[in-house]
Each structure stands twice: as structure tokens, then as C-alpha cells.
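Participant: Sharing a structure below in C-alpha cells format, with a few things to ask.
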There are 2 protein chains.
Amino acid sequence: MVAKNSYNVAVLGATGAVGRRILEQLAQSTIPFDSVKALASAHSAGQKVPFQDGELVVEEANEHSFDDVDIVLASAGGSTSKALAPAAVKAGAVVVDNSSYWRMNDQVPLVVPEVNADALKDHQGIIANPNCSTTQLVMALNPVFQQFGLEQVIISTYQAASGAGKAAMDEVLAESQARLLGEDMGELAHVLPVKGDKKHFPLAFNLLPQIDVFEEEGYTHEEYKMIHETKKIILGDKNAKQIKVTGTAVRVPVMIGHGESVYIDTGDEAVTTDQIRAAIASVDNVVIQDDPATQTYPQPLLAEGKRETFVGRIRPDLENPGAFHLWIVSDNLLKGAAWNTVEIAQELVKMDLVRVPADSAFTK
Amino acid sequence: MVAKNSYNVAVLGATGAVGRRILEQLAQSTIPFDSVKALASAHSAGQKVPFQDGELVVEEANEHSFDDVDIVLASAGGSTSKALAPAAVKAGAVVVDNSSYWRMNDQVPLVVPEVNADALKDHQGIIANPNCSTTQLVMALNPVFQQFGLEQVIISTYQAASGAGKAAMDEVLAESQARLLGEDMGELAHVLPVKGDKKHFPLAFNLLPQIDVFEEEGYTHEEYKMIHETKKIILGDKNAKQIKVTGTAVRVPVMIGHGESVYIDTGDEAVTTDQIRAAIASVDNVVIQDDPATQTYPQPLLAEGKRETFVGRIRPDLENPGAFHLWIVSDNLLKGAAWNTVEIAQELVKMDLVRVPADSAFTK
């Protein structure tokens, strides 16, 4: 099979906050595309979305949408991805999916290119993009694990409203305005913390320690995603015991940019803070912002619109040698979603892996 | 000496955000007062502050202000407390001080009444009120330590703007308004993260991982306060090794109410989540808000104006038996400042300890 020189690309879920950014990131990527098709649900068909200097007319997505497509970049929610990703693969397209549906499937690589691009070699037509809070986390954790080992990771997240979509952002802005006018915010909460859950609370000037629904043992689905996806990406196995991972996910009144306060225990008492900082700095697209003397540290407002992952406040636990604190910030809509999705496709092109293997589990 | 039936009280720093709340909490306390005097710096003298149904005229504080005073409730900053607290003690008054100046002094008890009221018995005229982030933390940690032990505590804070004073709150509101109007926020930052530091950044829709100035090893002064004060309150010794304490302090765009994501390792693999919850619930003025099925968990907006400390999201580390997560929220201006100060004085009255011992270190 001869490598193609250019590709037909479809963006599934093109009208959403992440879908629009996928189109933007695709235009700025090194992926050589012949054509780009914008797909969404029936009720969005006919809408126009910006692409390069023009617009694309959105088409309704169905199982016949992929006949002439090489690469599908999907951000349309779990049930759509469940239904359409196998159809796309059967039609010969490779799918990079941003929903949570395929992430834990053993036949689906879960990829952050700077961390585990090699996992792409085994793809069977579907590649999953990790949860936003996981992606920026493994950018910093992986080099530490590779060089010094990691016994335990404890994460507290500070997650932006945009992680819950555009409606959540609008809700926080409306609540903020009400609060500034001295009006009641409670009536305005319809989406957060979780659209489909029973109760809704204002996030403006507040903190909501619930992201996604509650599951066993009092953990939220978001917290389990972070735990299992981190292990799958770094170790290749979500149940692996080599690294203990645990944490708490909290929604904060920020629009864009997740923060993470991360405690890592390498178990190696000889490791220094400078070695940890150098290991993390060696990762492509990680920017160290870490200078107390000049008050330099990652902030969501500084990360907005950037593809990089920013790491600072790197310092030792003064009573537990080998353990350290990190403060990680990244744009959850870019590295946490749209950019990582496009970056995976760009990597597939570079590695000449834009093809569905004949024995794919998804074509049977 | 016969116990007095009522007391003359002075509030030092009466015009500040905390000072005004001290007056409010004093009026609602069980302290039997004969007279209440409002004291502040020269430039605030003559101002009026609300008290009960009327007002108090603020007097300039100096070393002669305390001649007829039994109890001084001080929230006037470290340098004022350094200068005036010993003068008040020499005049025969007992001082409950909310600044950080006296907290680590070996001759000054650092007290949260629900945790270590017994430490009041050794007071020499000055009692210190802990830092806001410490107070709500030890309310939950102490019963766990007493019943099951504590090997390590790792804290990530989510601290409200009001912890930096009224000017910081006003700044965040002005920045929020600018952002809603699509204007630049950068020009409005003059106070946060730290008034006296070199750079200022917007906090609205942002996160600032700096509270107070940076010190050795990349930790902020706020982080060291949390570490040392927690040990002094629970163990009586800021350098005690029995409990390892470490953490990261982050300012969030909330007006009132600090959140804390806390990881505790008891070192006892047999301890259950129900036992941890019951231990914390047994503390006076702790309210457990912890029911995933009804989305019940502590939130700053629900804690505002309340004296209690709220604890939820209590759950086990699934890979490290004996370790647990907690999410703690309290009104940083009340339990974190004004109310704990008044509560200490109320406890001194109850324990009949409103007197300066003859051999006080502060009268020499």
C-alpha cells in the first residue's frame, strides 16, 4: 500500500465548542487535507461553521457519511461515537474520538502523542483522545515515571466551566452578572454541575466538588476517568498497580483552563527537585513556568488559546524525601480536547498509519 | 480572685472586614460585656462602625487604650499586634489576636476551641487565632488523629478573595464586571495575589497559585503557616514529626468561603470510611454534608455567613487502605477569623481565665 499524500477529513460534532476548535486546529496543523466535511446531528444540518477563510455547511451525520473519508475527528458525545465510529471504520476511515465511550476498550489506543505515540502502531481504526484532566496530567507524570518511577499520585483538580460545554460557560457568565447586580443566582443554574443530574447549583463565585455523576465508593465518574486513563496511557493497563492514582475533581468559576495540584511520590529518596523539573521540561510542548522570585507560575488566563501544557510550583515535600508537588495548567479545549485530537491525526499521518488494518476488530 | 460577672471589651482593628465581623459576632456571643470600645489606627478614628442596634465611634488605638479593658479582640495586622498586645497585657487585659505575629510564639497558645481549648489554661495574656485555612482543617483532622492516628496530610486549598481583605474582593468584582463587558482585566489588578509583592494578576475567572510571599524551597508563607500551625494546634509543637503535613495554597475567584481538598493517611489499614465520618461528625460545630445520592457536599455559597465547618466527599483511597479524601469548606471570615476569635474569648469567660497571670512573660 502506498502512502497517501493527502486526506479527506470529516469532523463529527462540528458545531460544538470542541468541534469548532477541531476545525480551527486542523486548519493550522500539518495534515495535508484534500477535503474537509463538517458533520453533526440532524437538527444542526444546514448550519454554517467557520473553516479557514470561509465556511462549511454542516451535513447530517449517518453511517453513509464516511464513504470517501480517510480521517474522522469526532467530538459528538458517547452515544454518537458508539454508533458511528464502527460504521466509519467499516467504510475505511480512521477515527480519532474525543468521547469517553471507546477510551477503556482494549482494542482502542488512548493516546497523548508526546507520551505514548507508539501505541498508535496497534490501532484497529479507532483511537481515543483522553479526558481533558488526564491529558495535561500525563504530560508531566510520564517523564517522572520513566526516569525515576512513581509510587503514588494524588490529584486535586480546579476545572473550568468549559469542560461542561458552552451552555455551562454561558450559565456561569449569566450567574456572574446576576451576582454583580445583587440578584439571586440560584434560579440560573440549569446545567452545572452535571446536565443530566437531579440538582443544579450556581458555579459563579462558588466551588462544586462534583464533575460528572457519582459512582461507587463516593467517587465521581470524572475521578475514575482520571485514575483509569492515567494508568492506561502511562502503563498500558487501567488496572495496573505499579502506580497508585487517586484524587478529587472540583469545578471552579474559570471559563477556560484547568488547574491541577498534584502530589507525586517517586519512592526514590535520592531524586532532587531539579531532576524532576528537568525531566518534565524535556517533554515536547511542556512549558515550565516556575520562578518564585518573579512570581512566575501557570495560570488559566495565561494558558487560554495555547496548545502547551504549563507546569510550575515544582517543589519537594519537606518531610517525605522523593515526593514532590506540581501545579499543572492547560487549555482544556485545546490540549485537553481539540488540539490533542488533531495532534493524534497529525501523528498518524507522520507515522503513515492512516489505514484500517484488514483484521480490525471493528470491521468484523 | 473572684470571677467577674461582666467584662469591658475592646475590638482592635474595628474598621476592617474581620473587625466589623468581630463586633457582629461579639454581639451574638454569650460573653457578658459591660462596655465595648472600637479601636483602629489614627486615620480611622472618628469613623462609626455598627454594633448591636447602634454605632460605635472609633477611637485611635495606642498603648493607653487598654487601661479599663478586660478583653481585647485584635485584628489589626502583625505590626500593630506586635506593638500593642504587650501594652494591653501590661494594662491587665487578655488579648485574643487574629494576626500571624504571635502564633508561633512558645508562650502563646494557638487555639481552636473545639480542638485544643485546654491550651488556654496556660495563657500568659496573649492567645493567637490561627490562619483561616488552618482552622477549618484542624476541625476535621484532630478527631481523626485522636482516634486513629495520622501519618500524613496533603492539602490543596481553594481560597476565597476575602482572605486578602476587602480591597481584594472589590478587585475581583471589578475584574468580573470588566470581563463581562469584554474589557481588559489586567489593568485592574493592584492587590492580588499579594498586596506588597512585585506583580499583580487578575483573579476573576482565573486561579493564582500564590497566597502570601514566597519563602524557602518554593513554598509560600501561607503554605508554611498551614503546616506549622496545624502541628502546633494538634500536637503542641510546630516541629513535631508525628504528622507529616504538606500542601499547596491556591486563590480562587470566590468571594467568601475557603475549600480544601485534603488527603489523609492514618497508617491504620483497618479504619473504615464510616469510622472516619463518625469521628469528624462528633466534633462540635462540624456539619457533615456528604451524600452523593442527593448531591450533598460542602460549597462556599452554602457556607457563607455560617459559623460551622462543613465536611463532605469523605471516601477511601481505593489503593491505599487507611487513607482517605476529605472536602472541607468554611466561611473564612467567621470560623476562619472573626468567630473563632470571639469564640476563644467566650471560652476564656466560660473557663474563668480572663486574667493575666502574675508571672506573665509579657508583663516583664
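The values are calculated or read from the model by the stated rules, or taken from the named source; none is laboratory data. Quick caveat: nothing in here was measured; it's all calculated off a predicted structure. Positions of Cβ are backbone-derived with ideal geometry, glycine not excepted, and every protein chain shown enters the neighbour counts. Each accessible area value is taken on the protein alone, full model and side chains, heavy atoms only, with ligands, DNA and RNA left out. Shrake-Rupley method; radii C 1.70, N 1.55, O 1.52, S 1.80 Å.
Participant: Using unit Cβ charges (K, R positive; D, E negative) and no other charged atoms, how large, in debye to the nearest 20, is the dipole of chain B about its Cα centre?
Facilitator: Roughly 400 debye, rounded to the nearest 20.
Participant: Right, next: What does DSSP give for the protein assembly as shown in terms of the percent of beta bridges that are antiparallel, rounded to the nearest 5?
Facilitator: Here the share of antiparallel DSSP bridges comes out near 45 percent.
Participant: Still on this structure, I have one more. Hey, with R₀ at 30 Å, roughly what FRET efficiency would A:Q52 and A:M351 work out to, going by the Cβ-Cβ distance, to 0.05?
Facilitator: The computed FRET efficiency comes out at 0.75.
Participant: Say the cut-off is 31 Å between C-alpha atoms; which of A:K199/B:K244; B:K241/B:K364; A:K231/A:K364 go over it?
Facilitator: Correct reply: A:K199/B:K244; B:K241/B:K364.
Participant: Then there's this: Tell me, how many Å apart are the Cα centres for the range A:23-94 and for the range B:201-217?
Facilitator: Answer, in whole Å: 41.
Participant: Quickly estimate the mean residue ellipticity at 222 nm for chain A, helices only: each DSSP H run with n ≥ 4 gives -39500 (n - 2.57), and the total goes over all residues, rounded to 500.
Facilitator: Only helices count here, giving -8500 deg cm²/dmol.
Participant: If you take every DSSP beta bridge whose two residues both sit in chain A, what share of them, in percent to the nearest 5, is antiparallel?
Facilitator: 45
Participant: Still on this structure, I have one more. Probe 1.4 Å, all protein chains in place: accessible area of B:E269 in Å², nearest 10?
Facilitator: Solvent-accessible area, nearest 10 Å²: 140 Å².
Participant: Inter-copy label distances at A:D118, 7 Å along the Cα→beta-carbon direction, one decimal in nm, shortest first?
Facilitator: Nearest to farthest, the other copies are at 5.8 nm.
Participant: Just to be sure I understand the interface: list residues from the range B:120-166 that lose 30 Å² or more of accessible area between the chain on its own and the complete protein assembly, 1.4 Å probe.
Facilitator: B:Q152, B:I154, B:S156, B:Y158
Participant: Efficiency by 1/(1 + (r/R0)^6): what FRET value for A:D68 and A:D122, r their Cβ-Cβ distance, R0 = 22 Å, to the nearest 0.05?
Facilitator: Once rounded, the FRET efficiency stands at 0.25.
Participant: Still on this model: Any chance you could check the Cα centroid distance between the range A:155-193 and the range B:286-364 for me, in angstrom?
Facilitator: 27
Participant: While we're here: Can you give the direction-averaged projected area of the convex hull of the alpha-carbon atoms in the range A:134-332, in nm²?
Facilitator: Reported value for the Cα convex hull: 12.4 nm².
Participant: Could you state the principal axis extents of the C-alpha atoms in the range A:141-246, from the largest down, to the nearest angstrom?
Facilitator: Answer, in whole Å and largest first: 53, 27, 20 Å.
Participant: Determine which chain A residue has its Cβ at minimum distance from the rotation axis mapping A onto B, giving the value in whole Å.
Facilitator: It is A:S156, 2, counting Cβ atoms only.
Participant: Related question: Between B:L318 and A:S35, what is the label-point separation in nm under the 7 Å Cα-to-beta-carbon projection?
Facilitator: 4.5
Participant: Taking a label point 7 Å from Cα toward Cβ, how far is B:G46 from its twins in the other copies, in nm, shortest first?
Facilitator: The projected label point of B:G46 is separated from its counterparts by 7.2 nm.
Participant: Which sequence of B:I288, B:I227 reflects their accessible areas, 1.4 Å probe, from the largest down?
Facilitator: Descending accessible area places them as B:I288, B:I227.
Participant: Counting Lys and Arg as +1 and Asp and Glu as -1, each charge on the Cβ, what is the dipole of the range B:265-349 about the Cα centre in debye, to the nearest 20?
Facilitator: Charge dipole, the range B:265-349, about its Cα centre: 300 debye, nearest 20.
Participant: Can you give me the relative contact order of the range B:134-332 as a percent, contacts being Cα pairs under 8 Å and 6 or more apart?
Facilitator: 28
Participant: I'd like the interface area for chains B and A: accessible area of each alone minus the complex, both sides summed, 1.4 Å probe, protein heavy atoms only. What is it in Å² to the nearest 100?
Facilitator: 5900
Participant: Can you tell me the length gained on complete extension of the stretch B:A27 to B:T273, counting 0.36 nm per residue apart and subtracting the Cα distance?
Facilitator: 84.7 nm
Participant: I've got another one for you. Taking the Cβ of B:R307 as the center, what net charge do the other residues with Cβ under 10 Å away carry, scoring Lys and Arg +1 and Asp and Glu -1?
Facilitator: Here the count lands on -1.
Participant: Can you give me the three principal axis dimensions of the range B:10-55 from its C-alpha atoms, in Å, biggest first?
Facilitator: Here the spans come out as 32, 20, 17 Å, largest first.
Participant: Just to confirm, what accessible area per residue do you get for the range B:134-332 at 1.4 Å probe, in whole Å²?
Facilitator: Computed with neighbouring chains in place, this is 32 Å² per residue.
Participant: If you roll a 1.4 Å probe over the range B:134-332 with all protein chains in place, what percent of the accessible area is carbon or sulfur?
Facilitator: 49
Participant: Also, quick follow-up: Under unit Cβ charges (Lys, Arg +1; Asp, Glu -1), what dipole magnitude, rounded to 20 debye, does the range A:134-332 have relative to its Cα centre?
Facilitator: 300
Participant: Using +1 at the Cβ of each Lys and Arg and -1 at the Cβ of each Asp and Glu in the range A:134-332, identify which of A:Q295, A:H258, A:L318 lies farthest towards the dipole's positive end.
Facilitator: Toward the positive end, the furthest listed residue is A:H258.
Participant: Could you tell me the relative contact order of the range A:1-78? Use alpha-carbon pairs under 8 Å, at least six residues apart, and round to a whole percent.
Facilitator: Averaging sequence separation for qualifying contacts and normalising by length gives 41 percent for the range A:1-78.
Participant: If each label sits 7 angstrom from Cα along the C-beta direction, how far apart, in nm, is B:A358 from its counterparts in the other copies?
Facilitator: Here B:A358 shows inter-copy label distances of 10.3 nm.
Participant: Considering Cα pairs under 8 angstrom that are at least six residues apart, work out the relative contact order of chain A and quote it in whole percent.
Facilitator: Dividing the mean separation by the residue count of chain A yields 19 percent.
Participant: Once the dipole of chain B is set up with Lys and Arg at +1 and Asp and Glu at -1 on Cβ about the Cα centre, which of B:Q25, B:T341, B:V9 lies farthest towards its positive end?
Facilitator: Among B:Q25, B:T341, B:V9, the one farthest towards the positive end of the dipole of chain B is B:V9.
Participant: I would also like to ask the following. For the range B:37-105, what % of the accessible area comes from carbon and sulfur atoms, probe 1.4 Å?
Facilitator: It is 46 percent, rounded to a whole number.
Participant: Rounded if a/c is under 1.5, else prolate if a/b is larger than b/c, else oblate: which is the range A:219-350, with a ≥ b ≥ c the root eigenvalues of its Cα gyration tensor?
Facilitator: Rounded, because the longest to shortest axis ratio a/c is under 1.5.
Participant: Please report, for the Cα atoms of chain B, the Rg to one decimal and the Dmax as a whole number; what are they, in angstrom?
Facilitator: 20.5, 66
Participant: I've got another one for you. Using a 1.4 angstrom probe on protein heavy atoms only, which residues from the range A:232-251 are buried by at least 40 Å² of accessible area when all chains are present rather than their own chain alone?
Facilitator: Buried on complex formation: A:K244, A:T248.
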